[in-house]
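Structure first, then comments.
The values are calculated or read from the model by the stated rules, or taken from the named source; none is laboratory data. The model shown is predicted, which means the values in this text are computed figures rather than measured ones. Backbone-built Cβ (ideal geometry, glycine too); neighbour counts: all protein chains shown. Note: accessible area is taken over every heavy atom of the protein model, side chains too, but ligands, DNA and RNA are not part of it. Shrake-Rupley method; radii C 1.70, N 1.55, O 1.52, S 1.80 Å.
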Amino acid sequence: GLGNGYASQVIAAGRIITIGKDGQMVFARCFSEADGKLLWSTRIGQTGRKALSTPTIDSERVYALDPDGNLHCLSVSDGKVIWKRSFAGEFGGRLQNGRGFAESPLIDGDALVGTPGGAEHTMVLLDKMSGEVRWSCAVEPFGPRGRVGAGFSSAVALTVDGVRVYVQFIGHGLIGVRAKDGKFLWGYNKIAIPQANIPTPVVVGSRVFAGKPVSGTVAAFSAREIA
């Protein structure tokens, strides 16, 4: 009853939520943790791509992204759509690999961080309650490796010397974006590959660790020096 796909399940307050496909239809579904009973099922898309993104639960809301880049904010209690945005239609979204959008939306305070991946709106910050755009960040290619577009990674956040930074692994490599205004701070191209940049970066203190998808090479960055 989960549907087909690669998404994992998230659990909060006795509810298990995931996304999956029945035929060409993509659904977000919620099950009871106690007995597995289906509590609600909400259609969030129709596509030939596979369901990839694990939803994000934040209090009474869940944020679910279909593989075509349709981002839905749903009520945890009943699955009703509160708001939705289209990475492709509204932000010129672009994928490094055509398999689909795969990130789990990052909630940071009262904001949501997403990665449409396009040239003009590589990363966006939305109001998590209304879906309104607070800023968008354009990232020009910063090296010869990889390709333009969103990878499979999810964004992570850290604060260094008072500067809040969002780090994401996109098609051209690792990027750092200033949280307050969306300013592109830095990019690291050497670990990018053309096929698909997949691993989500790991934050340890003021350092960011990012793995190269094919060789297993790991690069470590001092966020203090680059922020």
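Annotations for the structure displayed:
- Restricting attention to the stretch 132-163, the residues that are small (G, A, S), over 17 Å from G117 (Cα atoms) and over 15 Å from the mean Cα position of the chain (by Cα) total 1.
- Residue tally, condition surrounded by fewer than 23 Cβ atoms within 10 Å (Cβ to Cβ) and not in a strand (DSSP E or B), over the stretch 43-70: 9
- Within the stretch 184-224, if we keep just the residues that are under 13 Å from F152 (Cβ atoms) and modelled with pLDDT under 90, the residue that is least open to solvent (accessible area, probe 1.4 Å) turns out to be G211.
- Residue in the stretch 187-200 that is in a strand (DSSP E or B) and among the hydrophobic types (A, V, I, L, M, F, W, C) present: no
- In summary, strands (runs of 3 or more DSSP E) completely within the stretch 71-183 and bearing 2 or more residues that are within 20 Å of G20 (Cα to Cα) and either open to solvent by 50 Å² or more (accessible area, probe 1.4 Å) or of a type in the set (D, E, K, R) (or both) occur at 81-86.
- Restricting the stretch 16-42 to residues that are over 13 Å from D66 (Cβ atoms) and hydroxyl-bearing (S, T, Y), the residue that is most open to solvent (accessible area, probe 1.4 Å): S41
- Residue in the stretch 109-117 that is aliphatic (A, V, I, L, M) and touching a helix residue (DSSP H, G or I) at 6+ places or on another chain (Cβ under 9 Å) present: no
- Index of the failed condition, D110 passing every other in (1) under 23 Å from D66 (Cβ atoms); (2) at pLDDT 95 or above: (1)
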